[in-house]
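The values are calculated or read from the model by the stated rules, or taken from the named source; none is laboratory data. Remember, it's a predicted structure, so these values are computed and weren't measured experimentally. Heads up, the Cβs are rebuilt from the backbone with ideal geometry, glycines too, and the neighbour counts pull from every protein chain shown. For accessibility, only protein heavy atoms count, side chains too; no ligands or nucleic acids. Shrake-Rupley method; radii C 1.70, N 1.55, O 1.52, S 1.80 Å.
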Amino acid sequence: MAVHRRSASSYAFDGVVIRSAAAVVGPKEGEGPLGSYFDRIWPSELNNHSSFEVAERALLVEAQNLTLQKGEQDWFNVDVVMGGDLLDQLISTNFAAREHQRPLLGLFSACAVFTEGLGLGALAIAGQGPKTVLVGATSHHMAAERQFRYPIELGYQRTPTAGWTATAAGSCLLAGTSSVDSGDIVVEAATFGRVVDWGSKNPNDMGTAMAPAAFDTIKRHLEDFNRDISDYDQIYTGDLGVLGVKLLDALASKEGFDWSHRLNDCGRSLYDIERQDVHNGGSGAGCSASVFSGFLYHQLQHGQFHRILLVSTGALFSPTSYQQGESIPSIAHAVAISRAD
């Protein structure tokens, strides 16, 4: 195991693999195009829990436990838990840690937290630190709406640019190995994002706010590793949605890049945009976490994809900053993941 520094923000790793992954989602997500790839689909948003916030925590705990079961590991084999959520003080991640009692590194990059965790986990393992890291992220539509926008009970009308926060959680077990075997899912590299702010102030249009950060991170990743977009089967952004991906493609075209044939988005893939009335598509910390831990991990395992770049995107604002007239700074973290053949 080793770490190779490519720039101030990019690192390549030797000997870091994803041993198992699991995704648990709500009923709306289970009805979408990727429903068959999730480990469990809840029958309702609450699933017999006392509040939406408690339900969000339960999604994460369930995904974490399933990940360990699938990897044939126990909690005492986990050296460090990394991850985050969208709720104030990371209550889903922190309260879940009361149960597992393993060392915890709570992270916040809004909806970009899952790839932040994957990148930091791989960096720690390859740097001869922990041997196993459990990475997870979760979100709940009802809890996020209550915190960031309006109570659902008001029945307010959503704008066409609004994203639908996913009721979902995803988790991955990272481990170090001295020998990568054929078929292993390898964390090759990570490029950590920087904060990009183009002045967007609309909390109901996260795609516009986050697309410039995604472009900045993808461009720097390709430069740092001397790669072209064609070196990846697909680049999946986190939750830019339909409009955000179009803006990302336009930004690339403006600088002479043709990325359109490789770009996809977890938020756009999670739902049937026409049938499920989610407007711009999915968002939330659990969006890219569940799509990767369910669909993308499966595609890598079965050789449908051989190398992908997962670029989760996050809008770094709070209800307080928005009410004070602040713009919405954003960030994107990228992780290159491949199947060893």
*Output the number of the condition that L66 fails; it satisfies all remaining conditions of (1) surrounded by fewer than 18 Cβ atoms within 10 Å (Cβ to Cβ); (2) farther than 19 Å from Y271 by Cβ.*
(1)
*Inside the stretch 34-150, counting only strands (runs of 3 or more DSSP E) that do not spill past its ends, which hold 1 or more residues that are among the hydroxyl-bearing types (S, T, Y)?*
132-139
*Among the residues of the stretch 222-259, count how many are of a type in the set (S, T, N, Q), open to solvent by 40 Å² or more (accessible area, probe 1.4 Å) and within 26 Å of Y11 (Cα to Cα).*
2
*With respect to L263, is the statement that it is crowded, with 20+ Cβ neighbours inside 10 Å, under 24 Å from S10 (Cα atoms) and among the aliphatic types (A, V, I, L, M) true?*
yes
*Output the number of the condition that L134 fails; it satisfies all remaining conditions of (1) within 18 Å of G284 (Cβ to Cβ); (2) under 17 Å from the mean Cα position of the chain (by Cα).*
(1)
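Listed here are the residues, each with its yes/no results for (1) more than 24 Å from G119 (Cβ to Cβ); (2) not acidic (D, E).
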position: S36; (1), (2): yes, yes
position: E45; (1), (2): yes, no
position: Q64; (1), (2): no, yes
position: D85; (1), (2): no, no
*Restricting attention to the stretch 2-18, which residues are exposed (fewer than 15 other Cβ atoms within 10 Å of the Cβ) and more than 17 Å from V133 (Cβ to Cβ)?*
H4, R5, S7, A8
*For residues that are among the aliphatic types (A, V, I, L, M), surrounded by fewer than 24 Cβ atoms within 10 Å (Cβ to Cβ) and within 18 Å of the chain's Cα centre (by Cα), scanning just the stretch 92-131, find the one that is farthest from F148 (Cα to Cα).*
L123
*Looking at (1) in contact (Cβ under 8 Å) with a residue 60 or more places away in the chain; (2) under 18 Å from the mean Cα position of the chain (by Cα), which is the one condition that is false for D265?*
(1)
*asked:* I'd like the full set of residues that are at pLDDT 95 or above and part of a strand (DSSP E or B), limited to the stretch 315-340.
replied: S330, I331, A332, H333, A334, V335, A336, I337, S338, R339
*Between residues in the stretch 120-134 that are within 17 Å of V180 (Cα to Cα) and residues that are among the hydroxyl-bearing types (S, T, Y) and open to solvent by less than 40 Å² (accessible area, probe 1.4 Å), which pairs lie under 8 Å by C-beta distance while being six or more apart or on different chains?*
I125/T132
*asked:* Take the residues in the stretch 266-297 that are of a type in the set (S, T, Y) and in a helix (DSSP H, G or I); name whichever of them is surrounded by the fewest Cβ atoms within 10 Å (Cβ to Cβ).
replied: S269
_Being without any contact (Cβ under 8 Å) to a residue 60 or more places away in the chain and not acidic (D, E) narrows it down to one residue among F76, F13; which is it?_
F76
*Which of the following residues is touching a Pro at 6+ places or on another chain (Cβ under 7 Å), more than 30 Å from Q64 (Cα to Cα) and assigned to a helix (DSSP H, G or I): L222, L243, L247, L251?*
L251
